[in-house]
Amino acid sequence: MIDQEQVPDHRIVVGVDSSAGSAEALRWALAYARLTGATVEAVTAWQVPPMYAYAYGWTPTGIDDAGIIRYAEKTLAETVAQVQGEDQHPVPVTTRVLGGPAAQVLIEAGKGAELMVLGSRGHGAFSGMLLGSVSQHCVQHATCPTVVIPK
């Protein structure tokens, strides 16, 4: 009987939030995957914005989580399709939309991955900063190597 080695998890996790920076991170991850034979998993995090949930001192009862998830899925699929459409030899991409704060979702998704790829800036408020808060948090806490792609 021949021993079969365990195949390592050649998965690249990419944070995608529909920003130009995340599209650039996805482009980079796809090129890297093509060179290394890795798979690509594009991950979008969603959560109800705190200002929406408690605006004007009231607690809403009917927030449409399903609508938020559908919108996140649609936006992720559009971003992946756009970036893959630019490539003559597209790499297959698995997509996941997960609930929770983006940094926590990405760190969890990155467990066991070969690499995590992020854009340097997403949709945060401080656009002049070199790294966004999510990228900074992931660089400091991810359990896999993390690449941050500059603009």
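The values are calculated or read from the model by the stated rules, or taken from the named source; none is laboratory data. These figures come from a predicted structure and were not determined experimentally. Glycine gets a Cβ as well: all are built from the backbone with ideal geometry, and neighbour counts include every protein chain shown. Areas reflect the complete protein model, heavy atoms only, side chains present, ligands, DNA and RNA absent. Shrake-Rupley method; radii C 1.70, N 1.55, O 1.52, S 1.80 Å.
Given the criteria in contact with a strand residue (DSSP E or B) (Cβ under 9 Å, 6 or more places away or on another chain) and modelled with pLDDT of 95 or more, does A20 qualify? For A20, the condition - in contact with a strand residue (DSSP E or B) (Cβ under 9 Å, 6 or more places away or on another chain) and modelled with pLDDT of 95 or more - is not met.
Yes or no, residue by residue, for (1) at pLDDT 85 or above; (2) more than 16 Å from the chain's Cα centre (by Cα); (3) of a type in the set (V, I, T); (4) open to solvent by 70 Å² or more (accessible area, probe 1.4 Å):
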position	(1), (2), (3), (4)
P8	no, yes, no, yes
I12	yes, no, yes, no
Q47	yes, no, no, yes
M51	no, yes, no, yes
W58	no, yes, no, yes
Y71	yes, no, no, yes
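Listed by first and then second residue, the pairs linking a residue in the stretch 106-117 that is β-branched (V, I, T) to a residue that is assigned to a helix (DSSP H, G or I), with Cβ atoms under 9 Å apart and 6 or more places separating them unless they lie on different chains, are I107/H137; I107/C138; I107/H141; V117/A25; V117/L26; V117/W28; V117/A29; V117/Y32. Filtered by the rule that a residue be modelled with pLDDT under 90 and buried (at least 16 other Cβ atoms within 10 Å of the Cβ), the stretch 107-132 gives S120, R121, G122, L131, G132.
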